[in-house]
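Structure first, then comments.
The values are calculated or read from the model by the stated rules, or taken from the named source; none is laboratory data. Keep in mind the model is a prediction, meaning the values are calculated, not measured. Here the Cβ positions follow ideal geometry from the backbone for every residue, glycine too, while neighbour counts run over all protein chains shown.
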Amino acid sequence: MVSRHKNISTLFSIAIALALMAICIAGLFILPELTDKLIDTRDVIGDRNNVGPAQRSFIHVLAYVLLLLIMAADGFLFVLLRRVRAGLVFTAKSVICIRGVSWCCLLMCFATCLLGIYFQLAFFVAFGLLFLGVCLRIVKSTIEEATEIKSENDLTV
């Protein structure tokens, strides 16, 4: 029963990862228009009235950087989920996948902080990304240590 539940959960997670990738691919085409709408939207927190062509291009580049980082993190998650499904959790390749996702989160934090110049609420998103990146670094270190212990145990048997 536990194995069946785990299998369903892993398949569901893989389906979500694939759906997210499809959304990101669609996002590649609508991102400029969406970004322009966000820049042109007035709010009481930010002041984007003086966003010139250079700043607009900078925001577009950051938006694409964020989208590509999301796609990279999703790719790492997909590979990790496939490894979990195959029972290859405590391996160096799984650690690399977790490390990749954590670095993507930390890089997204940096890019989101830069967006905070124009969209002040982005600083809250950046804080969440920083927290997630640090949590994943801890999980990565834990899995890495477990992988080393497993390797030592495999050699002694």
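Hey, among L88, L132, L66, L115, which residue is hydrophobic (A, V, I, L, M, F, W, C), surrounded by 15 or more Cβ atoms within 10 Å (Cβ to Cβ) and within 28 Å of H5 (Cβ to Cβ)?
L132
Could you say which residue among R56, R42 is in a loop (DSSP other than H, G, I, E, B) and basic (K, R)?
Answer to the selection: R42.
Restricting attention to segment 103-126, does a residue exist that is within 20 Å of the chain's Cα centre (by Cα), modelled with pLDDT under 95 and of a type in the set (V, I, T)?
The answer is no; no qualifying residue exists.
Could you tell me which numbered condition G87 fails, if it satisfies all but one of (1) out of contact with any Asp or Glu (no Cβ under 9 Å at 6 or more places or on another chain); (2) on the phi < 0 side of the Ramachandran plot?
For G87, the exception is condition (2).
Provide a single number: the residues in segment 132-154 that are in contact with a Ser or Thr (Cβ under 7 Å, 6 or more places away or on another chain) and farther than 17 Å from V84 by Cα.
2
Out of (1) surrounded by fewer than 16 Cβ atoms within 10 Å (Cβ to Cβ); (2) over 25 Å from W103 (Cβ atoms), the odd one out for I39 is which?
Result: I39 fails condition (1) only.
Here are some residues: F119, F131, F127. Which one is closer than 29 Å to D40 by Cβ, assigned to a helix (DSSP H, G or I) and of a type in the set (F, W, Y)?
Selected residue: F127, the only one of F119, F131, F127 that is closer than 29 Å to D40 by Cβ, assigned to a helix (DSSP H, G or I) and of a type in the set (F, W, Y).
For a quick check of your reading of the model, give me the residue pairs whose first member lies in segment 8-35 and is at pLDDT 95 or above, whose second is basic (K, R) and surrounded by 12 or more Cβ atoms within 10 Å (Cβ to Cβ), with beta-carbon atoms closer than 8 Å and at least 6 apart or on different chains.
Note: pairs meeting the criteria are I14/R82; I14/R85.
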